[in-house]
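Accompanying notes for the structure given below.
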């Protein structure tokens with residue numbers, strides 16, 4: 001009799017037990033540290049935001065400073081919109097990872113996909129603001145919108161995967177909490193899709209939608225803070 005076989009255990013029971021044990025061993029080997037997951041992600045977010053501000057140029061000496069800054073309103077607008085968007089993704093990412101006990105290979109892969117689109121946002125932002133008053137404004141705004149949409153979809157995919165893979169989540173987190181985080185992402189994705197469609201017809205109106213989403217993202221923390229005080 002084999003050492004790991006119980007007296008009343010059939011061959012089929014033994015096979016099932018070994019299969020379960022092998023799956024647990026395989027899952028344990030796939031576990032990856034969460035600290036490196038967060039550290040690398042935070043670093044890419046920080047670099048992306050830093051690259052945004054580097055696109056802002058300092059007016060040359062010799063002219064009036066305030067009028068020269070006013071002429072750069074497009075660059076400041078693009079910086080504000082993309083800063084808040086990248087910051088919003090970072091906050092959502094942090095809110096989800098705080099519910100995780102560890103990550104795995106697939107979570108790392110989806111996270112890298114999200115960072116791929118976040119990392120190119122400084123380029124698409126500069127592209128949009130440069131062509132905002134040119135003949136190719138529609139294409140520039142659509143390209144920016146697609147970039148934003150792909151980053152949002154990648155984050156939503158990561159959150160959906162984490163919510164569906166309970167082994168990655170700390171004990172005590174309710175399913176409703178995870179589902180609520182995923183549902184919130186779909187609202188933002190719907191607004192992103194609407195902005196892309198609007199950009200084809202009226203690109204400046206689409207920029208207005210992005211600005212509205214930016215102001216809303218800035219106002220929500222203040223609203224929550226006021227509610228807590230009352």
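The values are calculated or read from the model by the stated rules, or taken from the named source; none is laboratory data. These numbers come from a predicted model, not from an experiment. In this analysis, Cβ positions are derived from the backbone assuming ideal geometry, glycine residues included, and neighbour counts consider all displayed protein chains.
Would you call residue 108 modelled with pLDDT of 90 or more, touching a helix residue (DSSP H, G or I) at 6+ places or on another chain (Cβ under 6 Å), on the phi < 0 side of the Ramachandran plot and assigned to a helix (DSSP H, G or I)?
Judged against the criteria, residue 108 is not a match.
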Residue satisfying all of: in the stretch 26-59; touching a helix residue (DSSP H, G or I) at 6+ places or on another chain (Cβ under 8 Å) and not in a helix (DSSP H, G or I); farthest from residue 121 (Cα to Cα) among these: 32
Checking the structure you have, find out if any residue of the stretch 170-188 is at pLDDT below 90, in contact with a strand residue (DSSP E or B) (Cβ under 8 Å, 6 or more places away or on another chain) and not in a helix (DSSP H, G or I). yes
Would you be able to say whether some residue in the stretch 54-70 is buried (at least 18 other Cβ atoms within 10 Å of the Cβ) and in contact (Cβ under 8 Å) with a residue 60 or more places away in the chain? no
Just one of the numbered conditions (1) surrounded by 15 or more Cβ atoms within 10 Å (Cβ to Cβ); (2) under 30 Å from residue 126 (Cβ atoms) is not true of residue 184; which one? (1)
Among the numbered criteria (1) under 19 Å from residue 114 (Cβ atoms); (2) part of a loop (DSSP other than H, G, I, E, B), which single criterion is violated by residue 133? (1)
Taking the condition under 24 Å from the mean Cα position of the chain (by Cα), at pLDDT 90 or above and buried (at least 19 other Cβ atoms within 10 Å of the Cβ), does residue 47 pass? no
The listed residue being touching a residue at least 12 places away in the same chain (Cβ under 8 Å), touching a helix residue (DSSP H, G or I) at 6+ places or on another chain (Cβ under 7 Å), surrounded by fewer than 17 Cβ atoms within 10 Å (Cβ to Cβ) and farther than 23 Å from residue 97 by Cβ, out of 141, 209, 146, 137: 146
Take residue 199 and tell me if it is touching a residue at least 24 places away in the same chain (Cβ under 8 Å), surrounded by 12 or more Cβ atoms within 10 Å (Cβ to Cβ), over 21 Å from the mean Cα position of the chain (by Cα) and assigned to a helix (DSSP H, G or I). yes
How many residues of the stretch 81-126 are surrounded by fewer than 19 Cβ atoms within 10 Å (Cβ to Cβ), under 19 Å from residue 195 (Cβ atoms) and over 16 Å from the mean Cα position of the chain (by Cα)? The answer is 1
